[in-house]
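Worksheet for the structure shown next.
Values quoted throughout were computed directly from the atomic coordinates according to the rules given, and no laboratory measurement underlies them. In this text the structure is predicted, and so the values were computed from the model without any measurement. When we count neighbours, we look across all protein chains shown, and the Cβ atoms used for this are built from the backbone with ideal geometry, even at glycine.
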There are 2 protein chains.
Amino acid sequence: MFELHQRIAADTVPVTEWPLCRVLLMNDSTYPWLLLVPRRAGVVEITDLDPADQHALLDEIARASTALRQALAPHRINVAALGNVVAQLHVHVIARDTDDAAWPKPVWGAVPATPYTPEALETRLAQLRAVLG
Amino acid sequence: MFELHQRIAADTVPVTEWPLCRVLLMNDSTYPWLLLVPRRAGVVEITDLDPADQHALLDEIARASTALRQALAPHRINVAALGNVVAQLHVHVIARDTDDAAWPKPVWGAVPATPYTPEALETRLAQLRAVLG
């Protein structure tokens with residue numbers, strides 16, 4: 001049975017459910033930062049997904065990227081499946097701008113996370129749900 | 001017309017050609033580190049690829065991941081399309097071990113690249129070509 005890893009659950013806010021993935025927002029107002037987590041038990045690497053799910057994952061990465069571009073017109077989308085700390089497969093889809101706190105470096109470890117205020121979180125979720133569906 | 005970005009060309013060694021991507025080895029002996037570069041002109045984001053090419057990209061990411069696992073049995077595969085420094089779409093597929101120089105952090109910026117010696121490069125290329133085809 002699929003269960004979201006407790007560390008991911010603690011760091012994120014649920015946004016929506018897509019055919020394959022749970023879509024989450026990282027609770028870090030430094031960057032508009034989504035996580036896609038396939039609702040499949042025991043999946044660690046992309047290659048643990050069956051081929052149809054692998055294509056569905058790419059489709060949902062593209063859908064998330066397009067939504068972030070539509071809502072925010074960022075300079076770049078960063079996409080990554082790392083999983084060195086939390087093994088459960090999760091894909092980062094991050095809107096990057098040339099004046100953000102880490103640019104041009106990757107976001108991991110660049111600056112400490114700044115949780116959203118309740119108001120800013122509500123605004124961000126409304127903005128993202130409008131494009132993420 | 002597709003042309004490999006000169007910065008990528010300078011940092012890598014060609015390994016093989018797949019239906020969509022040129023497969024390259026990063027010239028950094030710190031990690032077994034492949035780059036997949038779709039041979040499509042002007043492509044920056046994954047969403048710039050048409051849907052069939054997007055699925056082909058995932059297929060080739062999976063193929064590279066499986067080959068690295070087969071050859072090296074790493075602890076983890078890191079997959080990332082960042083492109084903050086070089087815009088041309090390129091996907092990192094990196095074999096990670098728990099005793100590597102950056103673990104558990106991402107590899108970018110962790111330690112300076114250590115180019116392969118000519119002998120080590122030949123050995124690595126032979127090993128990878130045997131599984132990458």
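Is there any pair linking a residue in segment A:71-88 that is touching a residue at least 12 places away in the same chain (Cβ under 8 Å) and surrounded by fewer than 21 Cβ atoms within 10 Å (Cβ to Cβ) to one that is among the β-branched types (Val, Ile, Thr) and part of a loop (DSSP other than H, G, I, E, B), with Cβ under 6 Å and at least six apart or on different chains, and which?
Note: pairs meeting the criteria are A:75/A:98; A:87/A:44.
Looking only at segment A:70-83, decide whether some residue is polar (S, T, N, Q) and over 20 Å from residue B:43 (Cα atoms).
No.
How many residues are within 17 Å of the chain's Cα centre (by Cα), among the β-branched types (Val, Ile, Thr) and more than 10 Å from chain B (Cβ to nearest Cβ) if we restrict to segment A:96-122?
Of the residues in segment A:96-122, 1 are within 17 Å of the chain's Cα centre (by Cα), among the β-branched types (Val, Ile, Thr) and more than 10 Å from chain B (Cβ to nearest Cβ).
Can you pull out the residues in segment B:22-59 that are under 10 Å from the mean Cα position of the chain (by Cα), closer than 22 Å to residue B:76 by Cα and of a type outside the set (Phe, Trp, Tyr)?
Residues satisfying the conditions are B:23, B:24, B:25, B:26, B:32, B:34, B:35, B:36, B:37.
Mind listing just one residue for me: the one in segment A:106-133 that is touching a Phe, Trp or Tyr at 6+ places or on another chain (Cβ under 7 Å) and not aliphatic (A, V, I, L, M) and, of those, surrounded by the fewest Cβ atoms within 10 Å (Cβ to Cβ)?
Step one: list which residues in segment A:106-133 are touching a Phe, Trp or Tyr at 6+ places or on another chain (Cβ under 7 Å), which gives A:106-107, A:124.
Still in the running and not aliphatic (A, V, I, L, M): A:106, A:124.
Numbers: A:106: 22, A:124: 18.
Ranking the qualifying residues of segment A:106-133, first place goes to A:124.
Please return the ranges of strands (runs of 3 or more DSSP E) entirely within segment A:14-95 where 3 or more residues are facing another protein chain (nearest Cβ under 9 Å) and closer than 27 Å to residue B:98 by Cβ.
Strands (runs of 3 or more DSSP E) meeting the threshold: A:76-81.
So, residue A:67, is that one among the hydrophobic types (A, V, I, L, M, F, W, C) and surrounded by fewer than 18 Cβ atoms within 10 Å (Cβ to Cβ) or not?
Answer is no for this residue.
Considering A:123, A:98, A:114, which residue is part of a helix (DSSP H, G or I) and among the hydroxyl-bearing types (Ser, Thr, Tyr)?
Sole residue among the options that is part of a helix (DSSP H, G or I) and among the hydroxyl-bearing types (Ser, Thr, Tyr): A:123.
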